[in-house]
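The values are calculated or read from the model by the stated rules, or taken from the named source; none is laboratory data. Bear in mind that the values here come from a model prediction, so they are computed numbers and not experimental data. Cβ sites come from the backbone with ideal geometry, for glycine too, and all protein chains shown count toward neighbours. Surface areas here come from the heavy atoms of the whole protein model, side chains and all, with no ligands, DNA or RNA. Shrake-Rupley method; radii C 1.70, N 1.55, O 1.52, S 1.80 Å.
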Amino acid sequence: GKYHGELAVEGAAYAPDGSVASRFSETVDLNFPDQKKADAFLKLPFHYENQLSLAPGKYTVKAAISPSEGVFGKTEAPVTVEPRDPAKLAMGAIALSRQLANASAPAAGLPADMIEGASPLVAAGHQIIPTANTRFQKNERVLFYTEIYEPSLVGQSPAAVNMRFRVLDKSGAGKSDSGVAS
């Protein structure tokens with residue numbers, strides 16, 4: 001009595017020489033309680049997200065999505081991953097989110113490179129689930145995640161790094177201020 005569908009999603013990141021740097025593939029299950037909900041789904045754009053681990057460089061990411069055999073849509077986009085100079089202070093990209101979850105206990109204390117699969121964005125025991133849809137309603141809670149990389153100072157005392165996040169509206173007026181934190 002319920003409606004079920006599946007979307008096959010496949011993609012790859014290609015290096016300039018045409019070699020495959022990373023791949024992803026999954027089947028997305030779609031379940032609807034009735035025909036009305038299924039029809040409503042078909043009228044909206046489908047939003048899909050995935051995470052790839054890529055070394056610094058330039059890539060072309062190509063993806064295809066298929067609701068049934070012989071029918072598919074495809075897209076591609078250029079992606080550049082900038083290298084990080086370990087001798088300089090740096091900040092990672094800002095990931096925006098609507099969702100916050102408790103981080104799983106085993107993953108919460110491990111470095112990202114020791115966790116299999118996509119690296120979760122974890123801070124203070126919470127996992128931030130990134131969204132690719134960056135349009136938020138005025139009444140929505142918006143979360144963000146970034147990483148600050150201290151410069152490597154071999155043989156010297158570590159630098160004291162402090163940060164402060166301020167959220168401004170279009171006019172430049174302050175809407176939120178984290179205060180200074182180390």
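The figures follow:
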| quantity | calculated |
| --- | --- |
| Equivalent ellipsoid semi-axes - Cα gyration tensor, the chain, angstrom | 35, 24, 17 |
| Rounded Å value of the spacing that divides the Cα centres of the range 66-96 and the range 132-182 | 21 Å |
| Carbon + sulfur, % of accessible area of the chain - ligands and nucleic acids excluded, 1.4 Å | 53 percent |
| Excluding exposed DSSP-loop GluC sites (Glu not before Pro) (at most 10 other C-beta within 10 Å), longest clean stretch of the chain | 1-48 |
| Global geometry of the range 1-106, whether rounded, prolate or oblate, following the gyration tensor of its Cα atoms and the 1.5 cut on a/c | oblate |
| Theoretical FRET efficiency, 1/(1+(r/R0)^6), r = Cβ-Cβ of residue 166 and residue 99, R0 22 Å, to 0.05 | 0.40 |
| Average accessible surface area per residue within the chain, 1.4 Å rolling probe, Å² | 76 Å² |
| Sites residue 88 and residue 119 - FRET efficiency at Förster radius 30 Å, r taken between beta-carbons, to 0.05 | 0.85 |
| Over the range 1-41, relative contact order from alpha-carbon pairs under 8 Å, at least 6 apart, % | 47 percent |
| Charge tally in the Cβ shell below 12 Å around residue 97, where Lys, Arg are +1 and Asp, Glu are -1, residue 97 excluded | 0 |
| Length gained when the stretch residue 132-residue 81 is fully extended (0.36 nm per residue, less Cα-Cα span) | 16.6 nm |
| Label-point separation in nm, residue 47 to residue 6, each point 7 Å along Cα→Cβ | 2.5 nm |
| Mean separation of Cα contacts under 8 Å (6+ apart) over length of the chain, as relative contact order % | 17 percent |
